[in-house]
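Here's the structure we're looking at; comments come further down.
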Amino acid sequence: MSRSQAPAVIYRHTWLDTVAAWLLALLWILPLAYAFWTAFHPSDYAIRFDLSAPWTLQNFRKAWDAAPFARYFLNTTLLVALILAAQLLLSTLAAFAFARYQFRGKNIAFALVLVQLMIMPDILLVENYQTMARLGLVDTLFAIGLPYFASAFAIFLLRQTFMGIPKELDEAARVEGASTLQILWRVYVPLARPVYTAFALVSVSFHWNNFLWPLIITNSVESRPLTVGLQVFSSVEQGVDWSTITAATLMTSAPLLIGFILFQRQFVQSFMRAGIK
Amino acid sequence: MSASSSSIAGSGQRSIHAWLLLLPALVLLVAFTHWPAVATLIDSFYSTPKGTRAAVWVGVENYQVMAEDPVFWQAVRNNLWFAAATIPASIGLALLMAVWVNERIAGRTFVRMAYFTPTVLPMIAVANIWLFFYTPQYGLLEQVTGALGLPSHNWLGSPSTALGAITLVAVWKEAGFFMIFYLAALQTLNPSLKEAAAIEGASRWYFFRRVQWPLLMPTTLFVLVNAVINAFRLVDHVFILTRGGPDNATTLLLYHLYEVGFKFWDTAYAAAITVVLVVVLSSVALFQFFVLDKKVHYQ
Amino acid sequence: MQRNMFLKTLAASAAAMLSLGAGLAHAADPLEVPFYYPVAVGGPITKVIDGYASDFNKAHPQYKITPIYAGTYQETIVKALTANKSGKAPATSVLLSTDMFTLIDEDAIVPIDDFAKTDADKAWLKGFYPAFMANSQTGGKTWGVPFQRSTVVMYYNKNAFKEAGLDPNKAPATWKELSEAAKKLTKKDASGNVTQYGIQIPSTGFAYWMLQTLTTPNDVLLANEAGTKVTFDNPKVIEALDYWVNLTKEGVHPKGVIEWGTTPKDFLEKKAAIIVTTTGNLTNIKANAKFDFGVGQIAGNVRKGGSPTGGGNFYIFKKAPKEQQQAAFEFAKWVTAPERAAQWSMDSGYVAVSPAAYDTPILKKYGQDFPQALVARDQLPVSVAEFSTHDNQRVTKVLNDAVQAALNGTKTSAQAMKDAQKEADRILRSYQ
C-alpha cells in the first residue's frame, strides 16, 4: 500500500459539522458579546439593539467611580501572585521529596495530599473561617491565600514530571558536587518549565476568579478582591443598571480575557499539558 | 553504584531531608484540609455557641434536625439534579467541541476561542450577564422567544425552570474547560489508527465508538471527577441569579451551607451539612480510586 | 555543608513568605473609627457618605470616621457579625432596623441610652418619628439610631393612567380601586401577550416587606413587639396574601416570583404601570423616567393605608474600644441632626428621620418643588414596624419562601402560611 494512495484526509468533517460548530460558537460567545454591547453604549440602548447607537465610555467611568476598583485590582493581583509564588515553592519541594526519596510513611503522606484534590478548602468554609479568626488573620489577603498555598494538584503534576527526569542527570550533577537543593534548582526545575507554565496559568485563572472563600473571609475594601467587589457592587437594591454592571464586569474580566486572546495558543497548550497524565 | 550505597548509608538523613521538604506543604494541607474536616465532624456534635452561651454536647441532634429539614432535602435533591444535568451535558459538549476543533474546520481559532472564553471569565461576573438574559419581558431570551411568537416566561422566577436556568449557566461555563483536556487527548491519538479503520471500511461513528471513545477513557475519567467536584463546588452564580430561590428551587448544598453558617450563624448545623458534603465527595474519590482507576488504564 | 545550605534556604524562603504575607495584612490604625454601611439605593451614595465622614472628621479632628462600604443590608450584617466574631468589630454600622434582636442575641451591641447622658442628647433621641423608633427599641432601651429609613410607596406612570382613562393625579387608595386600575392599565399585544402589566409587586429579597404592605391595610400585624411570636396563619394574613395571588391570576400582575432589582427598570421601561417598592428608589426613578410619574401611599383596605417602615439604623458595637464607641455616638448624633438629615433625604431618597428635618428651609423648598418626596413621610402616622423577630434572618426566610410558594402556585396561600407558622414557631421556641 503506497502512501501516496492513502486518502489525504480521512473522515473529513462535513459542511454540517462546520455550520454546527459555528452555531454553537456563536451561542457560546453571545453573553460576552452582549456584555460588550451594553458596556459601550448608553443605558438607553441596553435592551435595544439599534446599530446606529452611539458608542461611549461613560459606563466605564461610572463603574470606576462607583466602587474602588483600582484597589480591588491591586488586591487581586497581589493575591494571585502571592498564591502562585507559595504554591510553586511548596509544591516543588514536596514533589521532589515524593519523586526522589524513599522514606517511611511516604504512601500515607501522598494519600493525604491526594485528599485535597477532592476535598477543597472551599467546602470546609466554616471551620477554616474559625481557624483564621483564631489566628487573627480575618480580613487579610494572606488569609484568602493561605488555605491554597499547598496545592495537591501542583504536587501531583510536578511529581509526575520529576519522576520522568532521568536519574543520570542527578548523578552527573552530584558528581560535580552539587547539593540537593542545587540539583533541584539547576536540573529539575528548568526541565519542568512547561509544567510550571501550565500550572501557573491554571492557578492564576482559578484564583483570579475565586469568589466564595474570599467573600466570607474579607470585610473591607483593603483586602477585597475583584470578584467580591463586583458582587458587592452589583447587588445594589435599587434597580440594576445593566450598562454599569456590564462595564464593571468587563473591567474585572479584562486582564484574563486580554491575556487569553493574545496568548491563545500558549494558554490552550498549557491547559492541555496540565491535563496530560 | 554510588547512588545505592549512599542511599543505604545515609537513609536516615535522607528520610529527614524528605520530611523537611514535605513539611511546609503538609503542614498547610493538614491545617486547612484534614484538620478542618475532622474538626467539622466534631463540631457537628455540639450546639452552636451564641453570644455568651458556649457550645454544649448534643450528640446527633443536628443530624436529626437535618433529617427533618425540608430545605436540606430540597438542597440535596437540587444538587443531585444539578449534577445529573451538568455532568453529562458538559462532558458531552466538551467532547463534541474537541472533535470539531481538532478537525481543521474553517475559522477554527475563533471557534476554539469562543468555546474556551467562558472558562477565563469569573463566574460572578458572567452571572450578571445571564441575569439580564433571563429577565422577563425585555431580557435577551425573552426578546428572542417574543420574536418567535412564544409567550413570555419568568425563567428564574418559576420553580420549574429556575434550576434548569442555572444549570445552563454552569454547563456554558464548564464545557470549554473540559474541551481542552479532550483536545489534548485527541492529539495524542495515533493517526495510523484512523488510516487502519478507514481501510477496513469502518464508518465514522463506528470509529468513534470502538476506537476513539475507549482510548479517551482516561481523559473522560479525569474530566468526570472534575465535573463531579464542580457540581458541588460551583455556586457563585446562585448568589447573583436567584439567591437560592424561588422558594429554595435553586438552593444547592454549598449555598445552603453558606446561608446556614454565615447568614443564620448556626455554625453547628452548618458543620453537619459540611460533613454530608465531605462524605459525598469522599465517596466519589474512593469510587474513582478503587473502582474506576483499576479498570481504565491500558498501559 | 549541604545541610546548612539546605536549611538556610528553607528558612529564608519561609521568612520571605511570611513577611510578604504580613506586609499585605490589613493594619489597623488606632485613630480610626471603622463604620460599615450598606448602599441600598442607587446614586453616588458612597461619595455622599464619604463626604459626611470627612466633614465630621474636620469638625472633630480627634476622630477619623472610616466608612467601609459593605454591600447590601444582608451582606453588611454578615460582615459586621463576622468581624464581631473574629474580634475585630467595627465601631458602628448601619444595619437593618430589624436586625436589632439578632444583634442583641449575639451580644454585639450596646444601648444608645448609655451614651445619651446630657439633656440635649436626650432631647435629640426623643426627636425621631415614633414610627421609626418602633423597630429601634425593646425592653425599655433604645438600641438603634434611625438613619436611612423608608416606607414603601406606589410609583405610578401618569401617562399610562391618562391613556387608561384614569385620573393621573390620584393614586388608587383602596384595594378595590387598585384592582380596577390594574385591569384598565394592563395592555396586551396582538397575539395576546402582555406588554404592560397593571401592577407589579416584587417578591425576591423582601417578599415579607411587600406582604406587610398588604397585611397592614388588612389590620393585622405579623409579629409581636418582643419579637418572640408570629401570626402567619391569621385568616387576615392569608386574605392579604390571596389578594396578591389573585392579582397574578387575573393577569394584571406578572406571574411567578418577581426580581426586586429589576422592578424599577421594569417601571422605567413601561413594562408595569404601577410598582410597589421602597421610597429609596425615588431619586433613581426621578432621574431616569422619561414620563410623568406619581407617588402614592399604599392602598388601604380595612384600615386606611399602612406601609411598614424600613431601612437602617446606626448600631454601636460592644466589642469596639470605648473611645471608638463614643466617637460613633457623636457621629450618629451629628449626621442625624436636622440639617444633615434633610440633606441626606434629598441625596438618597430616604425619609428624613425627624420632624425637625422637614422644618428646615431646604427640605421645605424641596417638598414644594417635588411633592412626590413627601408621600413617604405622610404615610408615617399610619405606618407600622417592619417585621422583626429573634433569629430574624431565619424566620424572615421562612416567610419569604412561603410568599414565593404561594405566588408560584406550588402551595395555596393558606397552606403556605400554615407551614410557615409551624416552622417559625419551632425556630422561636427557645426565645419564648
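The table that follows gives values for the structure above.
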| read-out | value |
| --- | --- |
| Efficiency of FRET between B:SER15 and C:TYR431 - r from beta-carbon atoms, R0 51 angstrom, step 0.05 | 0.30 |
| Separation of the C:GLU180 and B:ARG204 label points, Cα + 7 Å toward Cβ, nm | 6.8 |
| Intensity falloff of chain A expressed as log10 I(q)/I(0), Debye formula with alpha-carbon point scatterers, at q = 0.11, 0.15 Å⁻¹ | -0.85, -1.18 |
| Model label zone, C:ASP219; criterion: amide N under 12 Å from point 7 Å along Cα-to-beta-carbon; scope region C:281-314 | C:301-304 |
| For chain B, calculated [θ]222 nm from helices alone, where every DSSP H run of n ≥ 4 adds -39500 (n - 2.57) | -22000 deg cm²/dmol |
| Region B:219-259: Cα Rg divided by the 2.2 N^0.38 Å rule of thumb | 1.35 |
| Top of C:SER191, C:SER348, C:SER383 by mean-square fluctuation, Gaussian network on chain C, Cα under 10 Å | C:SER191 |
| Point-to-point label distance, C:GLU163-C:ASP113, nm (Cα→Cβ direction, 7 Å offset) | 5.6 |
| Chain A: relative contact order as a whole-number percent, Cα under 8 Å and 6+ apart | 31 |
| Which of A:TYR72, A:TYR45 has the fewest Cβ neighbours within 10 Å, and the rest in rising order | A:TYR45, A:TYR72 |
| For chain B: relative contact order, % (alpha-carbon pairs under 8 angstrom, 6 or more apart) | 27 |
| Fraction of alpha-carbon pairs over 42 Å apart in chain C - percent | 20 |
| Rounded to the nearest 20 debye, dipole of region B:62-296 from Cβ charges on Lys, Arg, Asp, Glu | 760 |
| Nearest-0.05 FRET efficiency for C:ALA173 and B:ALA147, computed from C-beta distance (R0 56 Å) | 0.90 |
| Computed helical MRE - 222 nm, chain C, DSSP H runs ≥ 4 contributing -39500 (n - 2.57), nearest 500 | -14000 deg cm²/dmol |
| Low-density loop cleavage sites - trypsin sites (Lys or Arg not before Pro) in region C:231-334, where at most 12 other Cβ are within 10 Å (DSSP) | C:LYS290 |
| Span-like helix ranges in chain B, DSSP H, alpha carbon extent 27 angstrom or more, Kyte mean at least 0.0 | B:70-102, B:159-188, B:267-286 |
| Potential lengthening between A:ILE108 and A:ARG48 on full extension [0.36 nm per residue; Cα-Cα distance subtracted] | 15.5 nm |
| For chain B, convex hull of alpha carbons as volume per residue, Å³ | 229 |
| Fewest-first ranking of C:LYS162, C:LYS58, using other Cβ atoms within 10 Å as the exposure measure | C:LYS58, C:LYS162 |
| Net charge over other residues, Cβ less than 15 angstrom from the Cβ of C:ASP167 (K, R count +1; D, E count -1) | 0 |
| Cβ-based exposure ranking for C:ILE104, C:ILE112, A:ILE123, in which fewest neighbours within 10 Å come first | C:ILE104, C:ILE112, A:ILE123 |
| If the convex hull is drawn through the Cα atoms of region A:11-56, its volume per residue in Å³ | 90 |
| Where labels lie 7 Å past Cα in the beta-carbon direction, separation of C:ALA123 and A:ARG193 in nm | 7.9 |
| Selected from B:HIS153, B:HIS34, B:HIS256 as most flexible by GNM, with chain B as the system and alpha-carbon contacts under 10 Å | B:HIS34 |
| Those residues of region C:203-227 whose amide nitrogen sits under 18 Å from the label point placed on C:LYS236, 7 Å along Cα→Cβ | C:209-227 |
| Rg/Rh (Cα only; Kirkwood hydrodynamic radius) as it applies to the protein assembly as shown | 1.00 |
| FRET efficiency, 1/(1 + (r/R0)^6) with R0 60 Å, evaluated for A:ARG71 and B:PHE287 via beta carbons | 0.85 |
| Stretch gain in nm, segment C:LYS141-C:ILE362, where the contour uses 0.36 nm per residue and the Cα spacing is subtracted | 76.3 nm |
| 24 Å Cα-Cα threshold exceeded, pairs from C:LYS79/C:LYS322; C:LYS236/C:LYS397; C:LYS162/C:LYS236; C:LYS64/C:LYS319; C:LYS85/C:LYS322 | C:LYS162/C:LYS236 |
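Values in this text are rule-based calculations from the coordinates and carry no lab data. Predicted model only: the values in this text are computed from it and were never measured. For neighbour counting, all protein chains shown are included, and Cβ atoms are generated from backbone atoms with ideal geometry for every residue, glycine included.
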